[in-house]
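Worksheet: the structure to be examined is printed underneath.
What follows draws every value from the coordinates through simple rules; no lab data is involved. Please read these numbers as outputs of a predicted model, since none were measured by experiment. Cβ: placed from backbone, ideal geometry, glycine included. Neighbour counts: every protein chain shown.
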Amino acid sequence: WDKASRRVMPPLYPKAAYRSSLGTDTTCDGSRYDKEGQALPLRVENLPPVKMLAAGARHILVLTRDGEVIGWGHSKQGQVGVFAECQKKRKIEGIPGKVSRVFAGFHHSGVLTDEGAVWVWGNNTRWDGSVLMGVLGIGPNRNFWSTPVPPLSMDGGVVYVSSSSDSNVAIKSDGTVWVWGRNDTGQLGTGNREHQLVPVQIKLPDMP
C-alpha cells in the first residue's frame with residue numbers, strides 16, 4: 001500500500017460545518033460550507049449515465065454505466081479518494097477489476113468487483129481516530145486510507161456487500177455471511193459487543 005495514501009488521525013473539524021454532498025461543486029472552495037442543506041431534489045449536473053449510487057454521511061459514490069466510480073463531498077478521512085474537507089466530483093482511482101456495486105458508510109466507501117472482490121477506503125476507526133473499530137476490515141490499523149485496500153478474506157467469492165454507519169456485511173457465493181467493523185450494540189450478530197477488526201463468518205439461525 002502506498003504510504004502517501006494513508007493518514008493518521010487528522011485534526012478534528014468543527015461540528016457545525018456541514019460538507020456539501022449535493023454535487024454542485026460550488027461550496028468546495030476550502031473556506032465555508034453549506035449549512036442549510038437542500039429542501040427539494042436537485043439534479044446533479046456533469047455526470048455520465050449512472051447505474052447505481054451510495055450515500056455516506058456527507059459523501060456520495062456513483063457507479064456509472066461505463067464502470068467508473070465517481071465520488072464527491074466530505075473526504076476528511078479519505079472516503080472520496082483524497083484527504084479534503086470538501087471535495088468536488090472526482091473519479092476514484094486504483095480499483096482493481098471491473099466494479100459491479102458501490103457502497104458507503106458514515107466515513108468510508110467501498111466497491112464489489114465482478115470477480116467477487118471487495119475494496120474499501122476511508123476510516124478504519126471512529127471518525128476522529130479515537131477508537132479502533134475495524135471499519136475497513138484490515139486489522140489493527142489506525143490509518144485513514146484514500147486509496148482502495150482489501151479487507152482480509154474478501155478477495156473473491158463475494159456476491160453482495162453493504163454498509164451501515166461503521167459496520168459491514170458481505171454474502172459469499174457459498175451462502176455464508178461475513179461481518180466486520182463497529183459492534184458496540186451487537187449490530188454484527190457475533191454474540192458479543194466487541195468491534196470486529198477483520199471479517200468473520202457469523203452463524204444464522206436455521207430457517208424454516
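Here are some notes:
- Computed over the alpha-carbon atoms, region 51-208 gives an Rg to Rh ratio of 0.96, Rh here being the Kirkwood radius from the mean inverse distance.
- Segment E194-S100, length gained on full extension (0.36 nm per residue, minus Cα span): 30.7 nm
- With 28 Å as the limit on Cα-Cα distance, the pairs of K89/K172; K89/K203; K76/K98; K51/K76; K51/K172; K51/K88 that go past it are K89/K172; K89/K203.
- Sequence ranges 64-75, 39-50, ranked by mean other-Cβ count within 10 angstrom, highest first: 64-75, 39-50
- Charge dipole (debye, nearest 20) of region 38-125; +1 at Cβ of Lys and Arg, -1 at Cβ of Asp and Glu: 220 debye
- Taken over region 141-208, the percentage of Cα pairs per 5 Å bin, counting from 0 up to the bin with the maximum distance, is 4, 15, 26, 26, 18, 9, 2, 1, 0.
- Euclidean distance of C-alpha centroids, region 62-135 and region 172-186, integer Å: 19 Å
- Estimated distance in nm for a label pair at T176 and V82, the labels positioned 7 Å out from Cα along Cα-to-Cβ: 4.0 nm
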